[in-house]
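Input: a single structure, listed below in structure tokens.
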Amino acid sequence: MDTLTIVKIGGNVIDKPAALQSFLQDFAALESPKILVHGGGTLATEMLEKTGVPVRMHDGRRITDAETLKICTMVYAGWINKTIVAQLQQAGCNAVGLSGADANTVPATKRPPAPVDFGFVGDVAAGSINVPVLSLLLDNGLCPVFCAITHDAQGGLLNTNADTMASVIAAALSKTYRTKLLFCFEKDGVLAHPDDDRSIIPEMDTAYFQQLKEQKIISKGMLPKLNNAFAALHAGVAEVYIKHAAHLLSANAGTRIRVENGEWRMESHMARQPFSTFNF
């Protein structure tokens, strides 16, 4: 079984042209098959502020009203996605830029308004990913590059958390490939002390994760990232790491996420539920 590498790159790297270019050079050097999922950076927020659209967040996640969705789609699926694809082509990686609406690759369900109304935000499930289309692209030497815009199969677009999207795609393809999921951002890994960049946790299991959550050491943006990391492992992904984007090619860098030996693993039918419903 071939190993498929799915990499999610965070917005803080996208905001820095030199860092992004260096990361994409490294990504192009990864052995194929591979998939890249990218966040949005601050450009969408800047555009929203320029157009007078209020920027609203809840626990590190964007609340997406109709006007925000328009701006996010233009920025994520347009400028950022195509800029990344162009730079990958320059680096020798034959990439194709996609949203979840393209070829029906990632259908989503609009999140219910309770307990928090996130607006036009989509939850995705591994069972809904269009695996045959993705396999066709991968088998023909193409590298899919996903922004985190999905669709509701009713003609509407939805904004989706990029960490969740990467996790679900990795889980869906784990039946066809041995999947490895890498979350890359501006830190060297998960930190035991958020203010100390040297306090990298080399390995984290579920029990330690629960402990750090209870101590409020893990919070805000890192919390959904780790929830998605553990969800991916439970759904069949072979390896998950959280690491600095500059260390993409370093095998032992960052924090390895794992489940304990003998720990309960999710039943296959559970993989059809949206990842946002899981609470690890």
Tell me, yes or no, whether the stretch 152-167 has at least one residue that is outside any loop (DSSP other than H, G, I, E, B) and under 19 Å from residue 251 (Cα atoms). no
Would the stretch 84-93 turn up any residue that is assigned to a strand (DSSP E or B) and touching a residue at least 24 places away in the same chain (Cβ under 8 Å)? no
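Sort out which residues of the stretch 247-262 are touching a Phe, Trp or Tyr at 6+ places or on another chain (Cβ under 7 Å) and not in a loop (DSSP other than H, G, I, E, B), and write them in order of number.
Going residue by residue through the stretch 247-262, those that are touching a Phe, Trp or Tyr at 6+ places or on another chain (Cβ under 7 Å) are 248, 254-257.
Those that are touching a Phe, Trp or Tyr at 6+ places or on another chain (Cβ under 7 Å) and not in a loop (DSSP other than H, G, I, E, B): 255, 256, 257.
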Among the residues of the stretch 78-95, count how many are farther than 23 Å from residue 232 by Cβ, hydrophobic (A, V, I, L, M, F, W, C) and either buried (at least 18 other Cβ atoms within 10 Å of the Cβ) or touching a strand residue (DSSP E or B) at 6+ places or on another chain (Cβ under 8 Å) (or both). 4
How many residues are part of a loop (DSSP other than H, G, I, E, B) and in contact (Cβ under 8 Å) with a residue 24 or more places away in the chain if we restrict to the stretch 102-134? 12
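So, residue 37, is that one modelled with pLDDT of 95 or more, crowded, with 17+ Cβ neighbours inside 10 Å, touching a Lys or Arg at 6+ places or on another chain (Cβ under 6 Å) and not aromatic (Phe, Trp, Tyr) or not? Break it down stepwise before answering.
Values: modelled with pLDDT of 95 or more: yes; crowded, with 17+ Cβ neighbours inside 10 Å: yes; touching a Lys or Arg at 6+ places or on another chain (Cβ under 6 Å): yes; not aromatic (Phe, Trp, Tyr): yes.
Yes; evaluated as a whole, the condition is true for this residue.
Here's the yes/no breakdown for (1) farther than 23 Å from residue 106 by Cβ; (2) assigned to a loop (DSSP other than H, G, I, E, B); (3) free of Cβ contacts under 8 Å to residues at least 40 places away in the same chain:
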site: 7; (1), (2), (3): no, no, no
site: 19; (1), (2), (3): yes, no, no
site: 31; (1), (2), (3): yes, yes, yes
site: 45; (1), (2), (3): yes, no, yes
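Answer yes if at least one residue in the stretch 204-224 is among the small types (Gly, Ala, Ser), in a helix (DSSP H, G or I), farther than 15 Å from residue 163 by Cβ and at pLDDT 85 or above, and no otherwise.
Start the filter on the stretch 204-224 by keeping residues that are among the small types (Gly, Ala, Ser), which leaves 207, 219, 221.
With in a helix (DSSP H, G or I) added as a condition, the list becomes 207.
From what is left, the residues that are farther than 15 Å from residue 163 by Cβ are 207.
From the residues that got through so far, the ones that are at pLDDT 85 or above too are 207.
Scanning the stretch 204-224 turns up at least one residue that is among the small types (Gly, Ala, Ser), in a helix (DSSP H, G or I), farther than 15 Å from residue 163 by Cβ and at pLDDT 85 or above.
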Quick check: anything in the stretch 71-90 more than 19 Å from residue 12 (Cα to Cα), modelled with pLDDT of 95 or more and either within 20 Å of the chain's Cα centre (by Cα) or among the β-branched types (Val, Ile, Thr) (or both)? no
Scan the stretch 171-178 and give yes if some residue there is within 12 Å of the chain's Cα centre (by Cα), part of a strand (DSSP E or B) and either closer than 22 Å to residue 252 by Cβ or of a type outside the set (Phe, Trp, Tyr) (or both), otherwise no. no
Can you run down the residue pairs with Cβ atoms below 7 Å, 6 or more apart or on separate chains, where the first is in the stretch 52-81 and within 15 Å of residue 150 (Cα to Cα) and among the small types (Gly, Ala, Ser) and the partner is at pLDDT 95 or above and crowded, with 20+ Cβ neighbours inside 10 Å? 66/120; 77/99; 77/147; 77/149
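Given 173, 134, 142, 157, which one is aliphatic (A, V, I, L, M) and surrounded by fewer than 21 Cβ atoms within 10 Å (Cβ to Cβ)? Give the derivation first.
On the way: 173 fails: surrounded by fewer than 21 Cβ atoms within 10 Å (Cβ to Cβ); 134 fails: surrounded by fewer than 21 Cβ atoms within 10 Å (Cβ to Cβ); 157 fails: surrounded by fewer than 21 Cβ atoms within 10 Å (Cβ to Cβ).
Every option except 142 fails the conditions.
In the stretch 114-127, which residues are surrounded by 16 or more Cβ atoms within 10 Å (Cβ to Cβ), more than 17 Å from residue 228 (Cα to Cα) and of a type outside the set (A, V, I, L, M, F, W, C)? Lay out the reasoning, then the answer.
Step one: filter the stretch 114-127 for residues surrounded by 16 or more Cβ atoms within 10 Å (Cβ to Cβ), giving 118-127.
Still in the running and more than 17 Å from residue 228 (Cα to Cα): 118-120.
Correct list: 119 only.
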Could you check the stretch 1-27 and list, in sequence order, the residues that are surrounded by fewer than 16 Cβ atoms within 10 Å (Cβ to Cβ) and within 23 Å of residue 239 (Cα to Cα)? 1, 2, 3
Would you pick out the residues in the stretch 40-77 that are surrounded by 15 or more Cβ atoms within 10 Å (Cβ to Cβ) and among the basic types (Lys, Arg)? 61, 62, 70
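The values are calculated or read from the model by the stated rules, or taken from the named source; none is laboratory data. Bear in mind that the values here come from a model prediction, so they are computed numbers and not experimental data. Virtual Cβ from ideal backbone geometry, glycine too; neighbours counted across all protein chains shown.
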